[in-house]
1. Which ones in region 31-72 are without any contact (Cβ under 8 Å) to a residue 24 or more places away in the chain, within 14 Å of Thr243 (Cβ to Cβ) and among the acidic types (Asp, Glu)?
2. Could you check how many residues of region 157-175 are among the polar types (S, T, N, Q) and part of a loop (DSSP other than H, G, I, E, B)?
3. Is it true that some residue in region 207-214 is more than 24 Å from the chain's Cα centre (by Cα) and open to solvent by 20 Å² or more (accessible area, probe 1.4 Å)?
4. In contact with an Asp or Glu (Cβ under 9 Å, 6 or more places away or on another chain), part of a helix (DSSP H, G or I) and at pLDDT below 90: which single residue out of Thr192, Thr267 fits that description?
5. State all residues of region 68-117 that are closer than 26 Å to Thr224 by Cβ, among the aromatic types (Phe, Trp, Tyr) and loosely packed, with under 11 Cβ neighbours inside 10 Å; if no residue qualifies, say none.
6. Modelled with pLDDT under 85 and of a type in the set (Lys, Arg): is that true of Lys166 in this structure?
7. Just to be sure before I move on: is Phe120 of a type in the set (Phe, Trp, Tyr) and either open to solvent by less than 70 Å² (accessible area, probe 1.4 Å) or at pLDDT 85 or above (or both) in the structure I sent?
8. Given Ser201, Ser122, which one is more than 25 Å from Ile255 (Cβ to Cβ) and hydroxyl-bearing (Ser, Thr, Tyr)?
Amino acid sequence: MSRKTRGSIWLTISYVLLAVVGVFSVYPALWVLMSSLRTGNSLYSEALIPTSFTFGHYANLFDKYDFAQWYINTLKIAVTTTVIGTILTLLPGYAFSIFRFSGRKTMMSTLMVLGLFPGFMSMIAVFILLNLMNLLNTHFAVILVYAAGAPLFFLFAKSYFDTIPKSLVEAARIDGAGHLNIFFRIVTPLSTPLIVYTALSIFAGSFTDFIFAKLVLRTPEKKTLAVGLFDMINTRQATDFTTFAAGCVLIAVPITFLFILLQRLLTEGLTAGAEKG
């Protein structure tokens with residue numbers, strides 16, 4: 001068998017495997033989309049494509065439930081957390097990359113290890129603290145916890161800042177620039193891929209989180225999308241499964257839009273941050 005023939009066979013196998021992975025990846029999303037357009041309340045169907053289509057389930061979200069309020073609450077939490085969390089992630093990453101101080105490696109190792117633990121391990125302790133501070137059932141508590149946990153993933157930022165020439169920072173210092181001026185006016189404009197990747201990761205995490213939001217938010221007007229949709233089908237009398245599918249489709253809209261809009265910068269930031277300095 002010639003080298004060219006072996007190459008063609010491997011290329012064909014690669015295409016087949018990619019096609020299989022593509023089908024398994026797209027099918028669940030397509031199934032949810034078709035279910036949201038199917039008449040009736042049942043998710044079960046013998047065919048993927050429904051025989052008749054309706055947009056009534058999308059209207060039911062706003063007529064029967066406080067879906068608009070859930071959406072506003074979720075966007076408020078996600079956007080605020082993204083802004084605060086991104087700044088809190090970039091600042092320690094910059095500090096660990098630029099400055100050399102006593103205990104630096106110990107602090108980095110500690111933060112990295114803490115970031116490896118699943119977040120729900122500390123939820124009971126966080127719940128008690130929020131209760132003592134009378135912050136339960138408030139969006140501020142959710143934002144506070146989400147934003148405070150973001151710096152644990154500082155390593156991507158630190159690794160990216162390591163790739164920026166130190167001569168730029170030293171030249172700015174010689175010209176009399178302070179640390180904040182150097183960070184916001186020189187380093188930040190050079191870190192667009194990193195900022196996009198960090199912001200999008202934090203936004204997606206806070207937008208779709210369910211466990212902590214369910215633990216803290218109790219009243220209907222405070223619910224987020226994840227909590228509201230779960231409660232929609234969490235009763236024995238629940239039958240609005242196709243309406244639930246419509247809600248899932250609308251949840252995916254902002255994340256998908258942002259991903260498509262920032263895809264190029266996201267890929268650059270991910271690969272650059274993966275290089276450990």
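The values are calculated or read from the model by the stated rules, or taken from the named source; none is laboratory data. If you're wondering where the values come from, they're calculated on a predicted model, not measured in any experiment. For neighbour counting, all protein chains shown are included, and Cβ atoms are generated from backbone atoms with ideal geometry for every residue, glycine included. The accessibility values were calculated without ligands, DNA or RNA, using every heavy atom of the protein model including side chains. Shrake-Rupley method; radii C 1.70, N 1.55, O 1.52, S 1.80 Å.
1. Answer for region 31-72, where residues must be without any contact (Cβ under 8 Å) to a residue 24 or more places away in the chain, within 14 Å of Thr243 (Cβ to Cβ) and among the acidic types (Asp, Glu): just Asp63.
2. Going through region 157-175, the residues among the polar types (S, T, N, Q) turn out to be 159, 163, 167.
Cutting the leftovers down to part of a loop (DSSP other than H, G, I, E, B) gives us 163.
Result for region 157-175: 1.
3. We begin by selecting, within region 207-214, every residue more than 24 Å from the chain's Cα centre (by Cα); these are none.
There is no residue in region 207-214 that is more than 24 Å from the chain's Cα centre (by Cα) and open to solvent by 20 Å² or more (accessible area, probe 1.4 Å).
4. On the way: Thr267 fails: in contact with an Asp or Glu (Cβ under 9 Å, 6 or more places away or on another chain).
Answer to the selection: Thr192.
5. Scanning region 68-117 gives a single hit, Phe117.
6. Numbers: modelled with pLDDT under 85: yes; of a type in the set (Lys, Arg): yes.
Answer is yes for this residue.
7. Details: of a type in the set (Phe, Trp, Tyr): yes; either open to solvent by less than 70 Å² (accessible area, probe 1.4 Å) or at pLDDT 85 or above (or both): no.
No, not satisfied.
8. Values: Ser201 fails: more than 25 Å from Ile255 (Cβ to Cβ).
Step by step, each of Ser201, Ser122 is checked, and only Ser122 is more than 25 Å from Ile255 (Cβ to Cβ) and hydroxyl-bearing (Ser, Thr, Tyr).
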